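The values are calculated or read from the model by the stated rules, or taken from the named source; none is laboratory data. Note that this is a predicted model, so its numbers are computed, not measured. Ideal geometry is used to build each Cβ from the backbone, glycine not excepted, and the neighbour counts take in all protein chains shown.
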Amino acid sequence: MLRSARLLLAFCYLGLTSPLSFAAPSEAVPQSRSTAAPAGPPAIPAPSSPAFAPDTVDPNAVEALLAMGRYLRTLQTFIVTGDSATEAVLDNGQNATFLHRTVVQVRRPDRVRAEIVGSAKPRGLVYNGKTFTLYDNNRRYYTVQSAPPTIDELVPVLRDQYGVEMPLADLFNWGLESDDARRLTAATSLGLERVNGKLCRHYVFRQPGLDWELWLQGTQQLLPCRLSITDVTQPSRPTFSVAYRWNLRPGLNAVTFSYRPVAGMREIGAMRVSPEPYKEAK
């Protein structure tokens with residue numbers, strides 16, 4: 001049995017490896033335990049050499065996060081593919097790694113399709129501005145629920161009422177909360193590295209309970225190349241990591257954001273969750 005099926009990440013979990021678990025209130029379905037645009041922001045000045053002081057906050061590293069969030073919020077239509085590895089802690093204390101691929105297709109302000117695949121059949125989310133559908137081809141059921149009119153409004157509804165984290169929401173929203181930067185106890189740049197053939201600047205950050213790294217591509221239009229988060233509260237230090245591939249000129253149409261159940265699927269009601277456990281986790 002898994003003692004910790006996924007990491008509880010205070011900064012962001014991204015939803016890239018989280019299961020979309022839902023069930024009819026009257027049914028005892030088991031819950032899974034695993035886990036247009038304005039001009040870009042100013043260029044981020046690169047330090048002359050990496051700073052390795054463990055407990056310093058480099059303002060240039062913080063500004064890179066803020067610039068990333070500002071730029072991501074200008075994107076109107078895109079596809080991002082994330083190949084992720086999530087370590088879960090077994091009862092004997094050993095880490096086990098689970099691999100997933102998540103494809104997120106977005107047309108702002110009111111269209112999203114996200115699908116997660118791994119060793120099992122796909123599960124995902126489809127949102128069309130009026131309703132959202134959660135589906136799980138492993139358990140062979142889906143649910144359709146009414147939805148608010150924009151993605152920004154949908155994110156907290158999914159999180160607080162259904163226990164579903166929208167992929168990438170925290171990266172897009174970085175800097176909107178006044179305490180985002182204040183939570184950092186260390187931040188620095190380690191220089192340039194190649195990720196999937198792209199030249200990206202490597203940043204490392206620390207905040208209570210978490211060490212995390214972010215690789216950013218570009219100087220003005222900053223796109224995440226890779227993210228790695230380590231839970232330092234557990235002795236085995238389990239890690240979540242994901243590498244991103246972006247398509248900023250995709251061809252998306254109405255079919256992309258419609259859901260047709262495969263043969264054998266059945267529609268059920270969704271089990272809403274109490275917001276209290278989520279608030280405690282944060």
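Name the residues in region 221-233 that are surrounded by fewer than 18 Cβ atoms within 10 Å (Cβ to Cβ) and within 17 Å of Tyr203 (Cβ to Cβ), would you? Ser228, the sole residue that qualifies.
Give the residue that is surrounded by the fewest Cβ atoms within 10 Å (Cβ to Cβ), with candidates limited to residues of region 64-96 that are closer than 15 Å to Ser241 by Cβ and among the acidic types (Asp, Glu). Filtering first and then ranking leaves Asp83.
Rundown of residues vs (1) buried (at least 17 other Cβ atoms within 10 Å of the Cβ); (2) closer than 18 Å to Met68 by Cα, yes/no style:
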site: Ala187; (1), (2): yes, yes
site: Thr219; (1), (2): no, yes
site: Pro235; (1), (2): no, no
site: Tyr244; (1), (2): yes, yes
site: Val262; (1), (2): no, no
site: Gly269; (1), (2): no, no
site: Arg272; (1), (2): no, no
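Of the listed requirements (1) modelled with pLDDT of 95 or more; (2) surrounded by 13 or more Cβ atoms within 10 Å (Cβ to Cβ), Ser258 misses just one: (2).
Among residues of region 256-272 that are in a loop (DSSP other than H, G, I, E, B), those with a beta-carbon under 7 Å from a residue that is of a type in the set (S, T, N, Q) at least six positions away or on a different chain give the pairs Ser258/Asn128; Tyr259/Thr133; Val262/Asn137; Ile268/Thr143; Gly269/Thr143; Ala270/Thr143; Ala270/Gln145; Arg272/Gln161. For Phe132, indicate whether it is in contact with a helix residue (DSSP H, G or I) (Cβ under 7 Å, 6 or more places away or on another chain) and in a strand (DSSP E or B). Against the criterion (in contact with a helix residue (DSSP H, G or I) (Cβ under 7 Å, 6 or more places away or on another chain) and in a strand (DSSP E or B)), Phe132 qualifies. Screening Val232, Val242, Val157, Val164 for residues that are farther than 29 Å from Leu125 by Cβ, of a type in the set (Val, Ile, Thr) and in contact with a strand residue (DSSP E or B) (Cβ under 9 Å, 6 or more places away or on another chain) leaves exactly one candidate, Val232. What is the one condition in (1) among the hydrophobic types (A, V, I, L, M, F, W, C); (2) modelled with pLDDT of 95 or more; (3) surrounded by 14 or more Cβ atoms within 10 Å (Cβ to Cβ) that Ala181 does not satisfy? For Ala181, the failing item is (2).
The one condition from (1) in a strand (DSSP E or B); (2) at positive phi; (3) not aliphatic (A, V, I, L, M) that Gly93 does not meet is (1). Would you be able to say whether some residue in region 113-121 is surrounded by 17 or more Cβ atoms within 10 Å (Cβ to Cβ), modelled with pLDDT under 90, within 20 Å of Gln76 (Cα to Cα) and touching a helix residue (DSSP H, G or I) at 6+ places or on another chain (Cβ under 7 Å)? No. Being β-branched (Val, Ile, Thr), out of contact with any helix residue (DSSP H, G or I) (no Cβ under 9 Å at 6 or more places or on another chain), buried (at least 16 other Cβ atoms within 10 Å of the Cβ) and part of a helix (DSSP H, G or I) is the requirement here; does Val144 meet it? Spelling it out, it is not the case that Val144 is β-branched (Val, Ile, Thr), out of contact with any helix residue (DSSP H, G or I) (no Cβ under 9 Å at 6 or more places or on another chain), buried (at least 16 other Cβ atoms within 10 Å of the Cβ) and part of a helix (DSSP H, G or I). Candidates Pro167, Pro149: the one that is in a loop (DSSP other than H, G, I, E, B) and modelled with pLDDT of 95 or more is Pro149.
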